[in-house]
Amino acid sequence: MATTSDLRKGMLIRYNGAIQRVIEYQHIAPGNWRAMVRMKLKNFDNGKITEDRVRAGDEIDIVQTETREATYLYSDGSSAHFMDTEHFDQIALPVDIVSEQLLWLKENDTVTLLLQESGAVLDVEVPTFVTLEVTQADVAIKGDTASNVQKNVTLETGAVVRVPAFVKEGDRVKVDTRTGEYVERA
């Protein structure tokens, strides 16, 4: 069993009966009191972020995981289908679990699957930056040439992103999938 000294940012632990990702942790030694570790955790099941304190040196249960490369095949409305690129197994995940990631995926895009020891998929990690085509964009109004003017556009995957006014329909844009922000024209 591991202890709180083994905590690392991004690590998965089993805490309070659920799998949690460590967002932040801080070791605190307040004077002559007992040392403690303050943790900020994100619940994998519901996405809720909580903060908690535990004694320094307490045991924690680290969730053993592995990653595999996979190809996004298609979504049929209820399930998103992926293919393991090493074993060629097809994996179907409910759309409501991966709906956020699907905003950035086209067919045949490569993703990373995060799997538990049992083989159950915990998460789908999309590339940090994706290049997508603009399918719908409002026409820029004459006079809106200032550099800070932005407008909403719809990308080929259905995602809506704020971009500078000069971006038009048919352009390809690079987007940061972590924040959903426009990076540059591709």
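The values are calculated or read from the model by the stated rules, or taken from the named source; none is laboratory data. The model shown is predicted, which means the values in this text are computed figures rather than measured ones. Positions of Cβ are backbone-derived with ideal geometry, glycine not excepted, and every protein chain shown enters the neighbour counts.
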Filter result for the condition that a residue is under 23 Å from Gly180 (Cα atoms), at pLDDT below 90 and touching a strand residue (DSSP E or B) at 6+ places or on another chain (Cβ under 6 Å), over Lys48, Lys42: Lys42
Unmet requirement for Ala70, which otherwise passes all of (1) under 21 Å from Val95 (Cα atoms); (2) of a type in the set (A, V, I, L, M, F, W, C); (3) outside the structural domain of Ala120 (by TED's automatic domain parsing): (3)
Residue count, segment 78-89 (criterion: in a strand (DSSP E or B) and small (Gly, Ala, Ser)): 2
Any hit, segment 28-36, residues being modelled with pLDDT under 90 and under 23 Å from Val121 (Cα atoms): no
So Thr157, is it of a type in the set (S, T, N, Q), without any contact (Cβ under 8 Å) to a residue 60 or more places away in the chain and in a loop (DSSP other than H, G, I, E, B): yes
Number of positions in segment 62-93 that are over 13 Å from Val121 (Cβ atoms), small (Gly, Ala, Ser) and in contact (Cβ under 8 Å) with a residue 40 or more places away in the chain: 0
Filter result for Asp171 (within 27 Å of Ser79 (Cα to Cα) and surrounded by 14 or more Cβ atoms within 10 Å (Cβ to Cβ)): no
